[in-house]
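Below is one structure, written out as structure tokens; comments come after it.
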Amino acid sequence: MSLPPSRGRELREDMARLVERLRAAIPAAFQSERYANSTAEIDQELEDRHRAALEALQQEASRESLSLVRTPHGFAVAPVREGKVLADDAFEKLPEEEKKRTTEAIERLSDKLRRHIETLPKWQLERVDRIKALNREVTERAAAGPIEELEAKYAGFAEIASYLAALRLDVLANAQLFRAAEAVPPGAAAQLPAPAAAGAPGPWSRYAVNLLVDHADENGAPVVYENNPSLPNLLGRIEHVAQLGALVTDYSLIRPGALHRANGGYLILDADRLLAEPLAWNALKRALFAKEIRIEEVGRMLSLISTVSLEPEPIPLDTKIALIGERLVYYLLCELDPDFGALFKVAADFENRIDRSRENTELYARLIATLARRERLLPLTRAAVARVIEQSARLIGDSEKLSSRLRDVVDLMQEAAFRAAQSKAQAIDRPHVQQAIDAQTERVDRVRDEFQEEIERNDLLIDTSGAVVGQVNGLSVLTIGSFSFGQPTRITANARMGDGEVVDIERETELGGAIHSKGVLILSAYLGSRYAPEVPLSMSASLVFEQSYGGVEGDSASVAESCALLSALAGLPIKQSLAVTGSMNQHGVVQVIGGVNEKIEGFFDACARRGLTGEHGVLIPKDNVKHLMLRDDVVEAVREGRFRVYPITTIDDAIALLTGVPAGVRNGRGRFPKGSVNQLVEARLTEFAHKREEVTQQILEKARRSARKKK
């Protein structure tokens, strides 16, 4: 039954009071003098009828000189003479005619007596029926008042009216439940059997109200978040109790689910957790399609138990379901479950970052204060708020954006508050936030430290000084769990005369991914169009990531690979104090890459362990400058001139910085300046083309001579 808020609780209390009133009124009615007189009248009437029948038989027997004699087995008819029962030998001495007449009379009266005795059980049943009718009348008279009061109180609810009508009939049929209270002394009610919900069915528990959902203390529609969306927690369950080795249940052991609590309102579920629960997703869809909540027991669905149970009638469902989760889960459901689009029609894709405008920065500062109050943390100083905002931008990897993933921000604030409490500060200051950031990194940077140590000990060969032809320091990002860090990697290139093929050793050994292979092919196309537009590209080159024993993916090393190859072709050494990252297109334009902060910091750490000289630095795409949110120590080193970050736009910018030689631009006659990187590369490729043509001519001439000799 569905009732307005608070009326369900009221009905439960009214029913409890009704039972108490009936427990007092019904026994009192049966203990009344009126009831005793009525039962006595019924018993007396039966006794009178029995006595009258026996007296009539006795009178008829007397006329035949017979008498009704009480024996241990009942009544019997016997001859009498002079007021005394004749013995058997005396009866045998009677004349034959008299004896015959007496025998016939005895048989006739015995038959009447037998018929009377057979009538007695019918009279007894009649008595029982009359007592039952009397009991029903007495019970109805005692229960009518309390029940009619409830009927009047809930007259506007048709379901309750039907329920109370059925309850009235049940009370009349089971008055003995209340009459049993006569044997319970006052104050001993606690010793009566407890309701089923407490472990054993009580005599009056059948009249208790099982209040599944109560919104008496809520204002407006319910909003429910179910943290554990299992099948029983969604649709409800039927509990059982053990009695004498068996599992039993009744309606009072029906428990509500999240759909019951959210009915008429809103239910919020975590999609990932919901899909991880067996049977829960399909059960939720069935409920939404049918628009009703039907309790389904897992044990019975899987045929794991055969205990007799209940099957509650379904409850109409009217609720809004909000699924929350990662984008990937949403896309997978759209792709794999045709029912998903029919049930969940409104998608809301929340942005995980916001613009770092002045207005938003002020709002973000207010948000930080709100979070501090909500989490009962120490207040934050202006400097601490600024540091938290900086870290938020770093988390998103963009100096012009702020992270809207507040969980990471709250974690940082909580740890900073702990650091402040340790130092007995009155507020969280910038050093406390920095200590928390450093501690978060220190707990997960074991692998990064091992890589840096291997570089320092020359187990991983990374040069940070000098200059080498065909060798450049590339940068990559490794992610382990939630921690990402940069790692410098040596990239080498070789070039010789060939048929224009650039061999990607990573791809040939199946260690290179598709995107990395695409970057190498773009590099090949760039070389051919830039330096050999009118002659065949007669170069054979190879590129490799040195000491790479795992997969290589991404195109952020294509600029570094291009510079290594140009260095090998021009014969110009590349400064090993510099590292480079960035992808490129077929026109030599450097493009944005990801993880720029981690890459810079990875090379910075390698150089810092060996000592910064002011010549160390990293080349990054110019469009990545807006993403820079570097560590304080890196920023300080750049400010002091001990480390540099160079934004580049084209491959020419990169090769000029790496070699210290101008890249060169074609003049009006289409030629590069002499001695420039591009001129040296073009000259080398032209030389390869001429030599290849000479070799080809020599091979053809040799083949013609061989053919003439055969003729």
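The values are calculated or read from the model by the stated rules, or taken from the named source; none is laboratory data. The structure presented is a predicted model; accordingly, all values stated were derived computationally and were not measured. Note: ideal-geometry Cβ built from the backbone for every residue, glycine included; neighbour counts use all protein chains shown. SASA here: full protein model, heavy atoms, side chains in, ligands and nucleic acids out. Shrake-Rupley method; radii C 1.70, N 1.55, O 1.52, S 1.80 Å.
Partners of Lys674 within straight-line reach, counting lysines whose Cα lies under 24 Å from its Cα and excluding those fewer than 8 residues away in the same chain: Lys575, Lys691.
Seen against the Cα atoms of the chain and their longest principal axis, helix 677-710 is set at about 80 degrees.
Share of the chain's accessible area from carbon and sulfur, percent, 1.4 Å? Carbon with sulfur: 52 percent of the solvent-accessible area.
Taking 22 Å as R0, compute the FRET efficiency from the Cβ-Cβ separation of Ala40 and Lys122 and round it to 0.05.
On the way: r = 21 Å, r/R0 = 0.95.
The pair Ala40/Lys122 has a calculated efficiency of 0.55.
Residue separation of Glu335 and Asp449 scaled by 0.36 nm, minus their Cα-Cα distance, works out to 36.8 nm of gained length. Peptides 148-161, 504-517, 341-354 ranked from most to least packed, by the mean per-residue count of other Cβ atoms within 10 Å: 504-517, 148-161, 341-354. Cross-linked pairs Lys153/Lys291; Lys401/Lys622; Lys424/Lys626: Cα-Cα separations exceed 29 Å for Lys153/Lys291; Lys424/Lys626.
Accessible area, 1.4 Å probe, largest first: how do Tyr531, Tyr331 sort? Can you show the working numbers first?
On the way: Tyr531 5, Tyr331 120 Å².
Solvent-accessible surface, decreasing: Tyr331, Tyr531.
For segment 223-278, DSSP calls about 55 percent of its internal beta bridges antiparallel. Straight-distance candidates among the lysines for linking to Lys710, with alpha-carbon spacing under 28 Å and chain neighbours fewer than 8 residues away dropped: Lys702. Extending 7 Å from the Cα toward the beta-carbon at both Glu313 and Leu54 defines two label points whose distance is 5.6 nm. Against the chain, whose longest principal axis is taken from its Cα atoms, helix 558-570 shows a tilt of about 20°.
Three principal axis extents of segment 421-530 based on alpha-carbon atoms, in descending order, are 72, 30, 27 Å. Computed over every Cα-Cα pair of segment 338-446 and binned at 10 Å starting from 0, the pair-distance distribution P(r) comes out as 14, 42, 25, 11, 7, 1 percent.
For Thr103 and Thr650, the difference between the fully extended length at 0.36 nm per residue and the C-alpha to C-alpha distance is 182.6 nm. Applying 1/(1 + (r/R0)^6) with r as the Cβ-Cβ distance of Ser404 and Lys285 and R0 = 22 angstrom yields a FRET efficiency of 0.10.
Could you please report the charge total around Val589, scoring K, R as +1 and D, E as -1 over all other residues with beta-carbon less than 11 angstrom from its beta-carbon?
Numbers: positive: Lys622; negative: Asp623, Asp652, Asp653.
Value of the local net charge: -2.
Taking all protein chains into account, the per residue accessible area for segment 489-646 stands at 39 Å² (1.4 Å probe). Taking all protein chains together, Cys607, Cys334 sort by accessible area into Cys334, Cys607, largest first [probe 1.4 Å].
I need the fraction of alpha carbon pairs in the chain separated by more than 33 Å, rounded to a whole percent. Distances greater than 33 Å cover 73 percent of the Cα pairs.
Of the Cα atoms belonging to segment 600-711, the radius of gyration and Dmax stand at 24.1, 82 Å.
Tilt of helix 596-610 relative to the longest C-alpha principal axis of the chain, in degrees (0 to 90, nearest 10)? Once rounded, the angle reads 60 degrees.
Antiparallel DSSP bridges in the chain: what percent, to the nearest 5? Intermediate values should be presented prior to the final figure.
Values: 41 of 65 bridges.
In the chain, DSSP labels about 65 percent of beta bridges as antiparallel.
Using 0.36 nm per residue and subtracting the Cα-Cα separation, the extra length available between Glu501 and Ala514 on full extension is 2.9 nm.
Please report, in whole Å³, the volume per residue of the convex hull around the C-alpha atoms of segment 470-573.
Details: hull volume 9.8 nm³, N = 104.
About 94 Å³ per residue, rounded to a whole number.
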